[in-house]
Each structure stands twice: as structure tokens, then as C-alpha cells.
Ligand code: GLU
């Protein structure tokens, strides 16, 4: 077989050579040890926590080492392509603070190693497929879908490994003139790798590949024996081929990707070998897991777990700093310890390493995220929280725009109890929850949610009338509470809870029941921050109006 001739026959339009591309994309001029990483999301319209988790690893590895991190759009699977998905990817990653140095952007490509969208790189893949064909390392395969299905049925019946390899790779034996005839007849074909692997040998003779994974240590797997498709009938590459060609030409040093790619690693290693290239360092991250209701660990699922989608966090209004902080706790086992020792440090200062990453499955836990978020939001000023909430509301809850009319009012609300030295309030978790939490400060959202305590319900009008009559907005906290105590005592309530406990028959209830009546009239809820402080923020007019409603 004249492979050179075959290559020309298949790819007459490819005039550039591999050397041309090597020259177009030279080795990067970076300091020793600098890492080059990339994120390669597929534009399916769904961007998930796994993407962000991987993006963090990429970003840290590159930026901690003075390297580069780029975004590549992996859109070779046209069946899954969704309009607008690239925008979603770019915007979501930007929202969560992922900074790319180059790659696809909303305003076109940035950087000298593009094009950064795989569907625009057809000629590049074809050039390298041509090279493999010309060296007898790849070949056109004319098997039809029916023939492949029949092969699978036969393999299943005879309990042999599935796939196109060895004797099943029937197009391997075609002569040049047979191929010419098929091409002339317009028969569709794919280009397959001509694998040198052989898994039919006795176990001890099977060649194994050994790869040093930066997260998992040494991987030891049987070599590839599949004649994997590298170019589809449309001339578009498969993931396998695009990965190898792109990560070589873009000079990626570290490939961070999900553990679901581990089984195809031997294919990639063989492709790198056949192309004469050095593979990158692989970093196969653990799957994201969660504990289900029964306490069993299972993979996060797109169907069952809305929290897998990054949209979930944006809709709910999680602050990106909280999500970042949380992701680092599941990325590196020593992060929490570091945070305790460095409570105010920027997370960029944390020395991230792949060695400290879990290999068995990273456990994702919304409750834990919420706890971390409380701490993270405590470190954010009321003014920044205001801006964050406003931006969130503009996008997701435009009907709330009025709560941003009075900046000083909302900032005071957001700041309640946050500056206590010993026990600062940690009420805020995410925007949706914060808005519910503070809704009673706004007349249109204010509603009575709880009932008056049974001990004082029948006296509620009397309590509230006395309260309003004696109300003086300039009272300090202790003058204010003395008045409540007095109102209670006059109506038959103990001035102290412990007096009521001792002699329950002598009283209707205690001062706490009286103040709860006032709290519910003002806030609609049994639980709230300090009533006096809230009144100071509500202002005299609103305070009087709310009490007055009950009379
Ligand atoms: N497009 C691939 C995916 O979305 C990327 C895998 C990789 O990073 O190599 O899973």
C-alpha cells in the first residue's frame, strides 16, 4: 500500500504540513516550571459544578506557577450543541471569578494559540490525520452502522471485547484500488487509528502503559487495542483526536479533566506516541458526590440534583466568594486548616497542590456550603453586600428593585448585629434567603407569619395600646425595656421569666410573652434580631403605624 498516495487521495485539500503548524504555534516563552492549563467545556447549555471545580484546579495551577490558563470551546459534538451556550459558559465562569489569560471570549479569540473553538480547526485535525495516514498509522474505514451493529452482536454472542480492533477492523485490509472505488462511489468513511495494541495475548504478555497522574499517582493500565475513530465521516475529529492535537499545539502542560476520561487514557497515550509527541501531565479529578437521604454516597446527577448546575447558585444568589471558598475546601483537604490559621488572607495565597486532592470522590454538601457562606459574607461590607444583592435582583428578581431605593436603610438592615465583637450575627447565606430574612423591613413584603404566644394572645390589644401610648422613639435600650416590663407587670405578667417559673399560678405569663407580642406586631415573626435596634432602623413613623394597625 502506498500510504503517501492514500493520504493525498483522502486529503487533497490539505496543503499545510505538520511542520507549518509546529512553527505557527511555537513552544511558549514562560519561566521554568510554569504550567499551561485549559478548560474545555462543551457548549451543551448546561454548565455544572464539575466544570467550575476543574476550572479552579486549572486556574490555581497556572496562576500559582506564572503560567497561562485558557478557554477552549469543545464543540465537536454537533448533536449536543445549544445556541447561546458559549455565552453561558463565559458569563458563568466570569461570575465565579475564573480568570482566563487567553482563549475564546465574548469579543472573539484572545491569544496566539487559537483558533480556540474546535469546530474552526477542521484543517488542523485533518492535517495531522493526513500525516498518520501517510505513515500507515491511520486508515479510512467504510464499515456501515449496520455492519458495526452486526459485529457487536457477534462479539457479544462469542463473549469477546466489543469494538473495532484486530480481525474486526475489516477496512484495514482494503487495497488502494478498493478504496479508490469506494471513494468514487461516494461511500462515507471515518478515519481510524491503526492501533498496535493487542489485548488478545495471554495476560502476562499484554503491554501496559504507566502514567504518572498528578492527582492519582502512578496509573498502570493495559494498552489500547481499539482502532478508535479519529475523524468522523464529516471530517470533524472525535474528542480523543482533538484533545491530543489541541493540547499539543496549544502547548498545554497539564490536562485537568474528570475521572470519566480515565478509561480512554490508553487511546490518548497511543495517539501521542503515534504522532511523536510528549503527552501532558494528566490530572484526573474525582467525581463530585453527595450523600443521599439514606446517607449513601452517590454521584451528583443532572436529573436529580439541581445544585449540580451553576445556574442554581446564581439564581439563589450565592456570593461567588462563598462558592470559591467552599470549592477550595473540597478541592484540598488542608484548606480548612489553613483558613483557621489565616482567617483574613485572600484565597489566592493558599498553596494549592494536586497531591492534596481527593481521588475517591469529592463530597459536595449544600449545608456545608451554607455554613461557609455565613462566614464569608460576614467578611463582606454592608455596602458591597448591597451592590451584590442589587445586581442579583436586577437579573433574577427585578420586582424587588424598590428595596434598593434607600441605600442607607438597606445597608443598616444588612449590618444588624454583624459588628458584635464576641458573637456576630451570621444571618446571611445567599441572596434569596437574605431577602426573605429581611422582608419585614419593607411594608409591601411585611406580613404576620407567626401567632401571638398563647399566654398573652388575649391581652394583645391591651399590650399594644399601652406600648403605643408610652412609645418614645428616643428611649435608649434600657428605658425601652423598662417600659415593657411595666406594661407587663400592670397586666399581670411576671417581670422576670424565673419568677413565672417559680410561681406559674400567680401570673398570666412573663415579660418575654409580652415582648413577643410586640415583636410579632412589628416584624410578623417570633424570631428576629433585637427589637429596639430594629425599631431604630424602621424609624418612628413605621414603628407606630405597625403597632397602630392592631388597635
Ligand atoms: N469537552 C470535554 C468535556 O466537556 C473536556 C474534557 C477535557 O477537559 O479534556 O468533558
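Nothing in this text is a laboratory measurement; each read-out follows from the coordinates by a stated rule. In this text, all values refer to a predicted model and were calculated from it rather than measured experimentally. Please note: Cβ atoms are built from the backbone with ideal geometry, for glycine as well, and neighbour counts cover all protein chains shown.
Quick notes
- If you plug the beta carbon distance of residue 337 and residue 220 into 1/(1 + (r/R0)^6) with R0 = 30 Å, you get a FRET efficiency near 0.40.
- Inter-probe distance in nm under a simple model that places probes 7 Å from Cα toward Cβ, at residue 462 and residue 4: 11.0 nm
- Computed over segment 1-92: relative contact order in percent, which uses C-alpha pairs under 8 Å that are six or more apart: 33 percent
- In the chain the Cα-Cα distances spread across 20 Å bins starting at 0 as 17, 38, 24, 14, 6, 0 percent of all pairs.
- Three semi-axes of the equivalent ellipsoid, segment 318-437, Cα gyration tensor, whole Å, largest first: 30, 17, 12
- Fraction in percent of alpha-carbon pairs per bin - 10 Å, segment 185-320: 10, 29, 28, 22, 9, 1
- Listing 38, 407 from fewest to most neighbouring C-beta atoms within 10 Å gives 407, 38.
- Gain on full extension, evaluated as 0.36 nm per residue between residue 177 and residue 32 minus their Cα-Cα distance, stands at 47.1 nm.
- When the helices of the chain are scored as -39500 (n - 2.57) per DSSP H run of n ≥ 4 and the total is divided over every residue, the value at 222 nm lands at -12500 deg cm²/dmol.
- For residue 399 and residue 302, a Förster radius of 35 Å and the Cβ-Cβ distance give a FRET efficiency of 0.75, rounded to the nearest 0.05.
- Contour excess over end-to-end distance, with Cα ends at residue 292 and residue 91 and 0.36 nm allotted per residue: 69.3 nm
- Residues 143, 110 arranged by fewest to most Cβ contacts within 10 Å: 110, 143
- Cβ-derived FRET efficiency at R0 45 Å, residue 366 paired with residue 491, nearest 0.05: 0.50
- Binning all Cα-Cα separations of segment 4-48 at 5 Å, short to long from zero, yields these whole-percent fractions: 5, 13, 12, 11, 12, 14, 17, 12, 4, 0.
- Label-to-label distance for residue 473 and residue 13 is 7.7 nm, based on points extended 7 Å past Cα in the beta-carbon direction.
- Potential extension, residue 549-residue 105 segment - 0.36 nm per residue separation minus Cα distance: 154.3 nm
- Per-residue Cβ neighbour counts within 10 Å put 63, 120, 254 in the sequence 120, 63, 254, beginning with the fewest.
- Each peptide among 147-154, 272-279 gets the average number of other Cβ atoms lying within 10 Å of its residues, and from highest to lowest they stand as 272-279, 147-154.
- Over the chain, Cα pairs under 8 Å with separation of 6+ residues give a relative contact order of 11 percent.
- Normalised by 2.2 N^0.38 Å, where N is the number of residues, the C-alpha radius of gyration of segment 94-247 stands at 1.29.
- If you sort the three axes of the alpha carbon gyration tensor as a ≥ b ≥ c, you get a/c of 1.5 or more for segment 410-551 and a/b above b/c, which makes it prolate.
- For q = 0.14, 0.21 Å⁻¹, Debye-computed log10 I/I(0) when each Cα of segment 1-130 counts as one equal scatterer: -0.73, -1.22
- Using C-alpha pairs under 8 Å with a sequence gap of at least 6, the mean separation divided by the residue count of segment 128-263 gives a relative contact order of 24 percent.
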